[in-house]
Each structure stands twice: as structure tokens, then as C-alpha cells.
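What follows is a set of notes on a single structure, which appears directly below.
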Amino acid sequence: MDTEEIKKRMDSGEIYYENAEINQEQMKYTDWIFEYNQLLPSRSIEKKQLLNKFLGSIGEETTLLQPLHANWGKNTFIGARVYSNFNLTLVDDTKIVIGDDTMIGPNVTLIAGTHPLNSDLRLKNAQYNLPVTIGKNVWLGAGVIVFPGVTIGENSVIGAGSLVTKDVPDNYLAHGSPCKLIKKIES
């Protein structure tokens, strides 16, 4: 399978196998992420420049505390006025979208990449990806893990330590392992 076909499959939900060219491109992004994490916290201009270099996009007045971890960075699109505490991990082998005004606690993981259940395929390093979407004005508590293909609706709150395996509608409080809808949030 050639590199262009692999890249199409990375965004299609189909199984694919990375090649040396894909791995080399990914290394460029992970080097920039490493460089970002080595900057002093006070070096805000340099940090912003690097974020603009390796992320798909980042909105104004957004803060991502170091360290930040990502498989790529380029597949993550972050809105304006987002605040992320330390240790945000982005398994962004396909698109991750984080809406405006979202708050992210420490040690949160957003996972878009996964592997098949079939052990023969896993032995061959098979992978497939499903996008993750976090709506506007969401609050993800400390240690939340969001699984591939999940959408969290606008204005929702996910309690600390939750494993979010299914979509959460707009305006809901949800938490647990697995995450369950607790109650609708009224204005």
C-alpha cells in the first residue's frame, strides 16, 4: 500500500499499516512537541509559535500547559479560550476537535487511534482511527479518557476519572467507568 493510500485510510476508519515514510513524517511532529515541552513556561511567544507549527489549528487565548503529548499534533484542532492543564495526551492519528471555551483537567487522554480485536491483525501492527469531537464549553475533569469515535456535546461536564466510551449529548453531567449520563444540566 502506498503512502497516499495509507493517509486516506488513516482518516477513513479503515484498517491500515504504517510505513517508513509515514513514520518519518510523524517524527518531525513529535520532535516539535518535544521541543515545546522543553521550553520554559515563561517563553509564551515561542510556545505559541511551536503550537502553530505542529497543531492543525489553535484559537486565540488558548493555554496548553506543559507537558503536552501527541502522536502527531497536526490532526488536532483546538478552539479559542481553551485551557488544558498538564499532561494532555492526544492520540491524534486522525482528527481530534476541541471546541471553544473548553476546560481540560490534568492527565486527560483523547484517543482517536485504536487497533482491531483480531489478534492476527494486531501481530501485523494493524490500526484504524475514529475521530474524537469535544464540543464548545465542555469541562473534562482530571484523568478523563475519551475513546475513539466519541463526541461530547456542548456545555457538558465529564467527571474526573471517567472512561468515556459512548457519546454524551449537549448539556449533560456524566461520569464513571464506564461513563454514564447522570443528569441534564439546566441553565
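Miscellaneous remarks
- Test result for Thr62, more than 23 Å from Pro169 (Cβ to Cβ), of a type in the set (S, T, N, Q), crowded, with 18+ Cβ neighbours inside 10 Å and in contact with a Phe, Trp or Tyr (Cβ under 9 Å, 6 or more places away or on another chain): yes
- Condition check for Leu121: at pLDDT 95 or above, surrounded by fewer than 17 Cβ atoms within 10 Å (Cβ to Cβ), in a strand (DSSP E or B) and out of contact with any Ser or Thr (no Cβ under 7 Å at 6 or more places or on another chain): no
- In segment 69-81, the residues that are touching a Phe, Trp or Tyr at 6+ places or on another chain (Cβ under 7 Å) and buried (at least 22 other Cβ atoms within 10 Å of the Cβ): Trp72, Gly73
- Any hit, segment 44-66, residues being under 21 Å from Val150 (Cβ atoms), touching a Gly at 6+ places or on another chain (Cβ under 8 Å) and not charged (D, E, K, R): yes
- Take the conditions (1) over 30 Å from Glu14 (Cβ atoms); (2) over 16 Å from the mean Cα position of the chain (by Cα); Pro116 misses just one of them, which is (1).
- In the set (1) part of a loop (DSSP other than H, G, I, E, B); (2) touching a residue at least 12 places away in the same chain (Cβ under 8 Å), Lys7 fails one condition alone, (1).
- Cβ-Cβ under 6 Å pairs, at least 6 apart or on other chains, segment 150-166 side within 21 Å of Glu186 (Cβ to Cβ), far side assigned to a strand (DSSP E or B) and hydroxyl-bearing (Ser, Thr, Tyr): Ser156/Tyr172
A quick yes/no check of all residues on (1) farther than 21 Å from Gly59 by Cα; (2) among the charged types (D, E, K, R):
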position	(1), (2)
Asp101	no, yes
Ser119	yes, no
Gln127	yes, no
Ile134	no, no
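Quick grid of which residues meet (1) touching a Pro at 6+ places or on another chain (Cβ under 6 Å); (2) closer than 18 Å to Asp92 by Cα; (3) surrounded by 15 or more Cβ atoms within 10 Å (Cβ to Cβ):
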position	(1), (2), (3)
Met10	no, yes, yes
Ile22	no, yes, yes
Phe34	no, yes, no
Asn37	yes, yes, no
Pro41	no, no, no
Leu55	no, yes, yes
Ile58	no, yes, yes
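- The test for being under 17 Å from the mean Cα position of the chain (by Cα) and of a type outside the set (Gly, Ala, Ser) holds for Met10.
- Selection count, segment 143-187, where residues are surrounded by 15 or more Cβ atoms within 10 Å (Cβ to Cβ), among the small types (Gly, Ala, Ser) and on the phi < 0 side of the Ramachandran plot: 5
The values are calculated or read from the model by the stated rules, or taken from the named source; none is laboratory data. If you're wondering where the values come from, they're calculated on a predicted model, not measured in any experiment. Cβ atoms come from the backbone with ideal geometry, glycine included; neighbour counts cover every protein chain shown.
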